[in-house]
There are 2 protein chains.
Amino acid sequence: MANLILYELGGLDDRRYSQFSWRTRMALAHKGFAFETVPVRVSDKTAISFSNQDKVPILKDGERVVIDSWKIAEYLEDTYPERASLFGGKTGRGLARFVNAFVDRVLIPKLVPLVMLDVLAIVDAPDGAHLRSGIEKAFRKTLEEMAAQREAGLTDFRGALDPVRATLRAQSFLCGDAPAYADYILFSLFQWARIVSSVDVLAPDDAIVPWRERMLDLFGGLARSQAARSLEAAA
Amino acid sequence: MANLILYELGGLDDRRYSQFSWRTRMALAHKGFAFETVPVRVSDKTAISFSNQDKVPILKDGERVVIDSWKIAEYLEDTYPERASLFGGKTGRGLARFVNAFVDRVLIPKLVPLVMLDVLAIVDAPDGAHLRSGIEKAFRKTLEEMAAQREAGLTDFRGALDPVRATLRAQSFLCGDAPAYADYILFSLFQWARIVSSVDVLAPDDAIVPWRERMLDLFGGLARSQAARSLEAAA
């Protein structure tokens, strides 16, 4: 049996909020693996000095170290082909890469700036300062300025989801009748938002909502078991 | 052997310019089928009255009539599973549907209005009047107004191709190492633009250009054999 350890961002109260890490978590569960996790702070990455770089998620499989969520998915698929497939073959892998690019390059830049201010409440002060500085430099605005544009920004974000919505009106998952890695890529964004913010980034009647519920239910409720910010706020 | 007939839009000099039809043409070639084609005019669809509706492409396979490019692709895959796969399995089919939605709902609305005025030169007057009326009603602008916004519009269109570009920097086709139906969906838009307009909708150094060349080369240059407007203009 593989000895798998996932190094990922950890916030206050041990919240595991990294969207990229959630791609890997769902991929590991899809392959039926039990795995350990090690939280890493944004501002203190000594825990991952073994990897000779400073990015998470990192998957350690015995002595093997794999960095980058997409490469981890490919590694798992290629190393454990006898387990449930993440891509459903070569064509599915090619198209999952397109979904990865769509989420990373279209959806994330629209959503992250709107919600990033909320992240400061679930990380400690040094991590918050580190995140603020990185995001404010990337977007050339303060987190407060970006949060102030939330309403218009969410309209834009929801508009960009239009092809996702059309797809999920026709089938249960992005990958068809059953979920696979491309679903986890997309879901990771909603899971991140769910963990860090009390704002629901989808309208209640959005056709994507039932899919998000199905994703939260997968693997015995793996993703749902991570506390949602909104539920806490309501409690 | 199947007796396949494709009913599709035909313009002046027998130009076959429908992008949806090109999806089917490439799919048929992918499956290794020879097929007949029947041109249909936008303003006179008596040729397809047998189908009890007015949309092309239509695939006739013996007595079976299949309408809608996506449904035709699914029909071909399900009816001829022993031939080269269009989807590469269930996951690939699910994700191809997402690409279909992305092209139809994100890319087409950005590109078609910019180039539609050019289409009038490759169809006869009644077809031109029919196309003008339909598109002007849909976009609430004249074709001339839309063509005047071409420069800014092309910048926006090229921007929307960003996730495609990132994918094609990492692999030869949208579907990975080899082309499949999702590539044909995307290609159909460029093939349409190539046939109807002398404007290149991609910048010469765009990373998508080499992929478009590979697509034009497929199946003995099937798509390239359809005269390009730009080549004629240069001749």
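The values are calculated or read from the model by the stated rules, or taken from the named source; none is laboratory data. Predicted, not measured: the structure shown is a model, and the values here were computed from it. Quick reminder, even Gly has a Cβ in these numbers, built from the backbone with ideal geometry, and neighbours come from all protein chains shown. The protein model used for the area step is the full one, side chains on, heavy atoms only, and it has no ligands, DNA or RNA in it. Shrake-Rupley method; radii C 1.70, N 1.55, O 1.52, S 1.80 Å.
The residues packed around B:ASP177, meaning those with a beta-carbon under 10 Å from its beta-carbon, carry a net charge of +2 if Lys and Arg are +1 and Asp and Glu are -1.
Considering every residue in A:99-109, what mean count of other chain Cβ atoms within 10 Å of its Cβ is obtained? Display every interim value, and only then the final one.
Working: counts 6, 4, 9, 9, 1, 2, 6, 6, 1, 0, 0.
The per-residue average across the peptide is 4.
For segment A:5-145, the residue among A:PRO109, A:TYR80, A:LEU95 whose Cα projects farthest onto the positive side of the dipole built from Cβ charges is A:LEU95. With contributions of -39500 (n - 2.57) from each DSSP H run of at least four residues, the per-residue ellipticity at 222 nm computed over chain A stands at -16000 deg cm²/dmol.
In the context of the full set of protein chains, segment B:58-132 has a per residue accessible area of 38 Å² (1.4 Å probe).
So what is Rg over Rh here for segment A:20-156, counting just Cα atoms and using Kirkwood for Rh?
Rg divided by Rh gives 1.01.
For the protein assembly as shown, compute Rh as the Kirkwood radius over C-alpha pairs and then the Stokes-Einstein diffusion coefficient at 37 °C and 0.692 mPa s; write the answer in µm²/s, rounded to an integer.
136 µm²/s
The loop-placed GluC sites (Glu not before Pro) in segment B:25-126, going by DSSP, that have at most 13 neighbouring Cβ atoms within 10 Å of their Cβ come out as B:GLU63, B:GLU82. For chain A, a Gaussian network of Cα nodes joined below 10 Å ranks A:SER85, A:SER49, A:SER172 by mean-square fluctuation, and the top entry is A:SER49. Too long at a 31 Å Cα-Cα cut-off: which of B:LYS71/B:LYS137; A:LYS110/B:LYS141; A:LYS60/A:LYS141? Among B:LYS71/B:LYS137; A:LYS110/B:LYS141; A:LYS60/A:LYS141, the Cα-Cα distance tops 31 Å for A:LYS60/A:LYS141.
Whose amide H sits under 5 Å from the amide H of A:VAL40, counting only residues 5 or more places off or on another chain, with H placed in the peptide plane? It is A:GLU8, A:LEU9, A:GLY10, by chain and number. Could you state, as a whole-number percent, how many of the C-alpha pairs of segment B:90-234 are farther apart than 19 Å? Counting pairs separated by more than 19 Å, the tail of P(r) holds 55 percent. Charge dipole (Cα centre; +1 on Lys/Arg Cβ, -1 on Asp/Glu Cβ; no other charges) of segment A:96-163 amounts to roughly 280 debye. Dipole size of segment B:90-234 about its Cα centre, with +1 on Lys/Arg Cβ and -1 on Asp/Glu Cβ: approximately 540 debye, rounded to the nearest 20.
Taking amide H atoms as placed 1.01 Å from N in the peptide plane, the amide H of B:VAL123 lies under 5 Å from those of B:LEU12, each 5 or more residues away in sequence or on another chain.
GNM remark for chain B: springs join alpha carbons under 10 Å apart, and the peak mean-square fluctuation among B:ALA121, B:ALA223, B:ALA27 falls on B:ALA121.
Taking every protein chain into account, the 1.4 Å probe leaves B:LYS141 with about 80 Å² of accessible area, to the nearest ten.
When the solvent-accessible area of segment A:90-234 is split by element, carbon and sulfur atoms take up 54 percent of it, the probe being 1.4 Å. Among B:LEU216, B:LEU154, B:LEU95, the largest mean-square fluctuation in a Gaussian network model of chain B, built with springs joining Cα atoms closer than 10 Å, belongs to B:LEU95. Relative to the other identical copies, B:THR79 shows label-point distances of 4.6 nm, where the label point lies 7 Å from Cα along the Cβ direction and values run shortest first.
Think of each Lys and Arg Cβ as +1 and each Asp and Glu Cβ as -1; about the Cα centre, that makes the dipole of segment A:118-198 roughly 160 debye. Take A:ASP13, move 7 Å from Cα toward the beta carbon, and the resulting point lies 6.9 nm from the same point in each other copy, nearest first.
So if I take the alpha carbon set of segment A:4-79, get Rg, then get Rh from the Kirkwood formula, what is the Rg over Rh ratio?
0.93
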